[in-house]
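Trainee: Here it is, the structure, as structure tokens.
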Amino acid sequence: MSGYGSAWRAPSRSINCSSILRRWKSIGLVVSERLGTGADWWRVIGSKSVVTDEIVEVVERFRLTDVMHERTATLPYGKQRLLEIALAFACRAARLLLDEPAAGVPEAERHELLATIEALPAEVTVLLIEHDMDLVFSFADRISVLVNGTLFVDGAPEDVARDPRVKAVYLGEELDA
């Protein structure tokens, strides 16, 4: 699935190297692998300005500068989510598939997370799977509503918000008979 990136957490039985590496090393590994120098990424990071410059760009874009020398396991949850998305972004994916990126993130960290996602370059398409309708309506350019895995309604946020079928199914409002 070249061209796709996904922010995800590793299953509990696998080793998630980003939890033991520091931020810049995790991002450096991804960038080095994408550039074809992944076999000796640990040597390349400090010696190749193209890798180092991209690490700095990604760390700054995803607002990780203040925590770049900390281990992932010690980061606030919102910063962990930002790192997951940053790693997918560092792959230079044209599309990011984000499954409830703000779920479990405290309100104070949520705004930073959403602002960072919203500031992604226009050429990066974000497919957001989300149940928080306030977040969806504040973020999306287009909304597709599914019911039982089938497309129910698709359109601009304002059109979807006014659709009486969506109100009946998701907002619990009665359809006028």
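Only the coordinates and a few stated rules stand behind these numbers; no lab work does. Small disclaimer: the values here were computed from a predicted structure and weren't measured. Every residue, glycine among them, receives a Cβ derived from its backbone with ideal geometry; neighbour counts consider all protein chains shown.
Trainee: Among rounded, prolate and oblate, which fits the stretch 83-177 when a ≥ b ≥ c are the square roots of the eigenvalues of its C-alpha gyration tensor, a/c under 1.5 means rounded, and a/b larger than b/c means prolate?
Mentor: Numbers: a/c = 2.42, a/b = 1.85, b/c = 1.31.
Cα axes put the stretch 83-177 in the prolate bin.
Trainee: Can you give the FRET efficiency for R71 and E123, using 1/(1 + (r/R0)^6), R0 = 45 Å, r = Cβ-Cβ distance, to the nearest 0.05? Spell out each step's value before the answer.
Mentor: Numbers: r = 32 Å, r/R0 = 0.71.
It comes out at approximately 0.90.
Trainee: Quick one: order E118, E130 by neighbouring beta-carbon count within 10 Å, fewest to most. Please report the intermediate quantities before stating the final value.
Mentor: Details: E118 10, E130 17.
The fewest-first ordering by Cβ neighbours comes to E118, E130.
Trainee: Shifting gears a bit: With θ taken as phi - 60° and the coefficients 6.51, -1.76 and 1.60, list the Karplus ³J(HN,Hα) couplings across the stretch 53-62 in order, rounded to whole Hz; mark glycine and proline as x.
Mentor: 4, 6, 4, 4, 4, 5, 4, 5, 4, 9
Trainee: At 0.36 nm per residue, and after removing the present C-alpha to C-alpha distance, how many nm does the segment from R165 to E57 gain when stretched out fully? Don't skip to the end; give the middle numbers.
Mentor: Numbers: separation 108, 0.36 × 108 = 38.88 nm, distance 4.41 nm.
Gain in length upon complete extension: 34.5 nm.
Trainee: Pull up all non-local amide H partners of V153: gap of 5 or more, or a different chain, and H-to-H distance under 5 Å with H placed in the peptide plane.
Mentor: Those lying under 5 Å, H to H, from V153 are V145.
Trainee: By counting other Cβ atoms within 10 Å of each Cβ, how are S32, S49 ranked from fewest to most?
Mentor: Ordered from fewest to most neighbouring Cβ atoms within 10 Å, S32, S49 come out as S49, S32.
Trainee: Which peptide among 155-165, 72-82 comes first, and what is the full order, when sorted by highest mean count of other Cβ atoms within 10 Å?
Mentor: Working: 155-165: 14.3, 72-82: 18.7.
Descending packing order for the listed peptides: 72-82, 155-165.
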